[in-house]
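A short write-up of the structure that comes next.
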Amino acid sequence: MPFDGVGLPIDDRVSKIDQVINLLATPTRWCKAQFKTRDGRYCIRGAIMAVEGADFLKRFMLQAIREVTGKRYLRIESFNDHPYTRHAQVLRVLMRPSACGQSLGSGHDGGTRACRLVRTAAGLAGYYFA
C-alpha cells in the first residue's frame, strides 16, 4: 500500500506543503508541461515529486483544486497545464487547508511560514487571493 499520509502528524504534512510552496513561490519558479525544467522551475506535480515523502499530497491537492476552481480534475497536471491556469491560482490551491489534508476546523489558516512569505510576496506584486 503506498504511503498516503494517514497517521502522519499535521506538522509534518504542513512541512511538506511548505516545501512544495517554496519550490513554486514565484511565477519564475513555476512552469507548465514539464515536471521540472532545466533552469529549475517546477509544475505542481513536479514540486510534489521533488519533496521527499510528499506523494500523499496528490489526493489533497486534487481536492484543493476542486475547491478553488469548482471543477473536477482527475490529474494535477491537467489543472497545472490548463491554458487558463495562472500562478496566482496555483498559489491559492497550495494555500488551501485541504492541500495539507486538514479540514477547515483544524486550525490551519495559511499561517505557516511559507504561506506567509508567499502572501507577502504576492501582495507586493499586486496579486489578490480570495
#### Entry: Residues (more than 16 Å from His82 (Cα to Cα) and either touching a residue at least 60 places away in the same chain (Cβ under 8 Å) or in contact with a Cys (Cβ under 7 Å, 6 or more places away or on another chain) (or both)) located in the stretch 34-67
Thr37, Arg41, Phe60
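What number of residues in the stretch 18-31 are in contact (Cβ under 8 Å) with a residue 40 or more places away in the chain and either surrounded by 15 or more Cβ atoms within 10 Å (Cβ to Cβ) or more than 15 Å from the chain's Cα centre (by Cα) (or both)?
Taking the stretch 18-31 first, the residues in contact (Cβ under 8 Å) with a residue 40 or more places away in the chain are 18-22, 24-27, 30.
With either surrounded by 15 or more Cβ atoms within 10 Å (Cβ to Cβ) or more than 15 Å from the chain's Cα centre (by Cα) (or both) added as a condition, the list becomes 18-22, 24-25, 27, 30.
Number of matching residues: 9.
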### Task
Name every residue in the stretch 16-26 that is of a type in the set (Asp, Glu) and part of a loop (DSSP other than H, G, I, E, B), in order of residue number.
none
### Enumeration of residues in the stretch 55-79 that are in a helix (DSSP H, G or I), out of contact with any helix residue (DSSP H, G or I) (no Cβ under 6 Å at 6 or more places or on another chain) and crowded, with 17+ Cβ neighbours inside 10 Å
Lys58, Leu62
### Summary
The residue from His108, His82 that alone is farther than 17 Å from Arg29 by Cβ, at pLDDT 95 or above and not in a helix (DSSP H, G or I) is His82
#### Entry: Members of the stretch 27-52 that are modelled with pLDDT of 95 or more and in a loop (DSSP other than H, G, I, E, B)
Cys31, Lys32, Ala33, Gln34, Phe35, Thr37, Arg38, Asp39, Gly40, Arg41, Cys43
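The values are calculated or read from the model by the stated rules, or taken from the named source; none is laboratory data. Every value quoted in this text rests on a predicted model; they were computed, and no experiment measured them. FYI the Cβ positions are ideal-geometry reconstructions off the backbone, even for glycines, and counts take in every protein chain you see.
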